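See structure below.
What follows is calculated from the coordinates using simple rules that are stated; it is not laboratory data. Source: prediction; values computed, not measured. With ideal geometry, Cβ positions are generated from the backbone for all residues, glycine too; neighbour counts draw on all protein chains shown.
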Amino acid sequence: MKLIILNDYDQASEWAAKYIRNKILLFRPGPSRYFTLGLPTGSTPLGCYKKLIEYYKNGEISFQYVKTFNMDEYVGLPRDHPESYHSFMWNNFFKHIDIKAENAHILDGNAADLQAECEAFEEKITAAGGIELFVGGIGPDGHIAFNEPGSSLVSRTRVKTLAKDTIMANARFFDGDLSKVPTMALTVGVGTVMDAKEVMILITGAHKAFALYKAIEEGVNHMWTVSAFQQHRQTVFVCDEDATLELRVKTVKYFKGMMHVHNKLVESLPQEPKKN
Amino acid sequence: MPSNGSVSDAPITQFINCRILRDHKLQREDLWVREGRILDPEKLFFDELGYADERIDCEGSIIAPGFIDVQINGGYGIDFSRVSEDVNGGVSFVAKKILEHGVTSFCPTLVTSPTAIYHKVLPQVKVHNGGQHGAGVLGFHLEGPFISAAKKGAHPEQYLRTFSSGGVQDLMEVYGSLDNVAMVTLAPELANSQSVVRELSQRGITVSLGHSVANLSQAEEAVQHGASFITHLFNAMLPFHHRDPGIVGLLTSDQVPEGRTVYYGMIADGIHTNPAALRIAHRAHPSGLVLVTDAITAMGLPPGHHTLGQQVIEIQGLHAYVAGTKTLSGSIATMDMCVRHFKQASDLVLLDDALNVRATFISGEEVWRKEL
């Protein structure tokens, strides 16, 4: 695991965006070689998306040959509802970049057969050659995507009933009306994300600190599903100072001491003459 | 075309670097158009897997819906109420010129005229869409002759009419045909007006109250029969009185049928209405406000004498008077001037731009651009 500690949210977002940018550029995607990216929703990745849009607008990166797979979507929410994850991705990312619609995959929470939809999603990932880099966030209860405490660490894409806490937390997006909040969601499983070649988890804010502590300083445990990534070969945790508040001073000092090495991963790459 | 063709193969245009007015705010958003209709880009993306064929850079301009002028009597030397050899040509000429003011549709307006004029002029101009050739014609606005003598303004007294034959009959006798008529201004206090208001409303013609001495109940009755518009609020009607607000009282009347809105035209040229009065109307009933120019022949022309219907008008600066009097006679403000003046008067929270028209589009197609 690489634990990347930046001073604040903006710096963490920027570091993460540069990391993604460099990964895509080094992969050299093309018409017969797509870069597959797993993507999250929520407030944590917003800064990262803004930066990626900036890099696209600067001409540093193109998403023409990038395929994306989102982690989750609510069940039963109309696709054009302002709180659907389709709307989130369109407004915060897709509409600002040059990604092709057929390469942006999001689970359909209104599919007639939800089980089949989940299986089809897994098949699409396999057909695309697996995911190069899966970007995710972490919940205050240590969950990744909608894999709430108790989810199997080898789970696949499936329908999940949302925990009461999650529904309460989401009520703020539905005018505080609990009856309007979706109660089920489709989500990639812990196992699905584990299959990715590389995983990057964004964690910012003091309210996530305890979850980060449980995820990396305690054992692998299905009550804190992000801990599963201790058993993944290539994991990067990108966080701000506040998120480290529950970690041991020793852990923080150790990884801060590695920053000069880790920062090489986000340096600007030498400009290549554009082929097309 | 770039879409899976599931909805249409027509080309898609994307306006970028623009600000659009949405939810009462100016927002930085792109505008997507296909075949003259605005698209929901999210739907285009997820359903049709589509993107734009062509991108137009708006360079930070504000995109507003094309202005619609429902009261314009002519301009650039053309007087719609005056018979000429080429009525259609005159309307088309003005239609082309007003693109420069951002107007994309309009109602050529005829002031009170002799019956012969209506019979000659009305059949010659048909409702049609705008385009490269000029703004679209929505239909005539017939302002008079069924109006009050006491509030005739610049209308010629000798051609005023009443509903002496019962109503609808007078209407047809005077106008001849109602095809291609979008709006009629009348005074509801005239006897037998109710049946006329009903008949016009049923035909889908907007009935507008104006040039009238009606009190509030007469005005409300007309609204209940179908009237939905007020011609140049405050002008040519009784002033607001706290015990009988008259037509002006419609703005806050509780007798307006459920689900209906009473709209009111305002000439925001800085002359016809004091900005304070404009603000009062706007604050009382913001969603009903419609800016009109009430522009006359002289709009676009230099100062001097010009004709309006059967009368002679004198231009002094931005004022147009009935020659030899101080009675206002229409305005020579252009629509974009009215919009700017209204913004100033009402201090709307719009972004910095001076609201100067830079380019006009109809159905997504550029029909006029300001030369730099």
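Take every pair of alpha-carbon atoms less than 8 Å apart whose residues are at least six positions apart; their mean separation over the length of the range B:1-158 yields a relative contact order of 18 percent. If you take every DSSP beta bridge whose two residues both sit in chain B, what share of them, in percent to the nearest 5, is antiparallel? Antiparallel bridges make up about 45 percent of those DSSP assigns within chain B.
Protection proxy ranking, highest mean first, for peptides B:99-106, A:54-61, B:268-275, B:67-74: B:67-74, B:99-106, B:268-275, A:54-61, where packing is the per-residue count of other beta-carbon atoms within 10 Å, averaged.
DSSP beta bridges confined to chain A are antiparallel in about 30 percent of cases. Looking at the range B:12-63, what % of the alpha carbon pairs are farther apart than 19 Å? Roughly 25 percent, rounded to a whole number. Helix-only arithmetic for chain A: the sum of -39500 (n - 2.57) across DSSP H runs with n ≥ 4, divided by the residue total, places the mean residue ellipticity at 222 nm at -9000 deg cm²/dmol. Each Lys and Arg Cβ is given +1 and each Asp and Glu Cβ -1; about its Cα centre, chain B then shows a dipole of about 800 debye. The convex hull around the C-alpha trace of chain A, projected and averaged over every direction, spans 14.1 square nanometres. Per-residue ellipticity at 222 nm from helix content only, as computed over chain B with -39500 (n - 2.57) for each DSSP H run of at least four residues, stands at -6000 deg cm²/dmol.
Using the beta-carbon distance between B:Val312 and B:His133 and R0 = 25 Å, what value does 1/(1 + (r/R0)^6) give for FRET efficiency, to the nearest 0.05? Computed FRET efficiency for B:Val312 and B:His133 comes out at 0.20. Fraction of C-alpha pairs exceeding 36 angstrom in chain B: 25 percent, rounded to a whole number. Ranking A:Ile61, A:Ala228, A:His86 by how far each Cα lies toward the positive end of the dipole of chain A (charges on Cβ) leaves A:Ile61 at the top.
Going by a ≥ b ≥ c, the root eigenvalues of the Cα gyration tensor, does the range B:123-259 fall in the rounded group (a/c under 1.5), the prolate group (a/b larger than b/c) or the oblate group? In terms of gyration-tensor shape, prolate. Note that the range B:71-79 has calculated 3J(HN,Hα) couplings of 9, 9, 8, x, x, 6, x, 8, 10 Hz, one per residue in order, obtained from phi through the Karplus relation 6.51 cos²θ - 1.76 cosθ + 1.60 (θ = phi - 60°); glycine and proline are x. In units of the rule-of-thumb radius 2.2 N^0.38 Å, the protein assembly as shown shows an alpha carbon radius of gyration of 1.27.
Just checking the listed ones, B:Gly77, B:Gly259, B:Gly246: in the Gaussian network model of chain B with Cα springs under 10 Å, the one fluctuating most is B:Gly259. Dipole orientation for chain A: of the candidates A:Asn170, A:Gly76, A:Ala215, A:Ala215 has the Cα lying most toward the positive pole (charges on Cβ; Lys, Arg +1; Asp, Glu -1). Dipole magnitude for the protein assembly as shown: about 1220 debye, using +1 per Lys or Arg Cβ and -1 per Asp or Glu Cβ, origin at the Cα centre.
Expressed as a fraction of 2.2 N^0.38 Å, the C-alpha radius of gyration for the range B:69-178 is 1.10. Counting Cβ atoms of other protein chains within 10 Å of each Cβ in B:44-53 and taking the mean gives 4.
Evaluating kT/(6 pi eta Rh) at 25 °C and 0.890 mPa s, with the Kirkwood radius of the range A:143-222 over Cα pairs in the Stokes-Einstein relation, gives 174 µm² s⁻¹. Here the Karplus curve 6.51 cos²θ - 1.76 cosθ + 1.60, taken at θ = phi - 60°, turns the phi angles of the range B:82-90 into couplings of 9, 6, 9, 5, 10, 4, 4, x, x Hz, with x standing for Gly and Pro. Note on the protein assembly as shown: antiparallel DSSP beta bridges, both residues inside, total approximately 40 percent of the bridges counted.
Once you sort the root eigenvalues of the Cα gyration tensor of the range B:213-272 as a ≥ b ≥ c, which label holds: rounded (a/c under 1.5), prolate (a/b larger than b/c) or oblate (the other case)? It comes out oblate by the Cα gyration axes. Sequentially through the range A:148-156, phi angles give Karplus couplings (6.51, -1.76, 1.60; θ = phi - 60°) of 6, x, x, 5, 4, 7, 10, 5, 10 Hz, Gly and Pro residues having no value and appearing as x.
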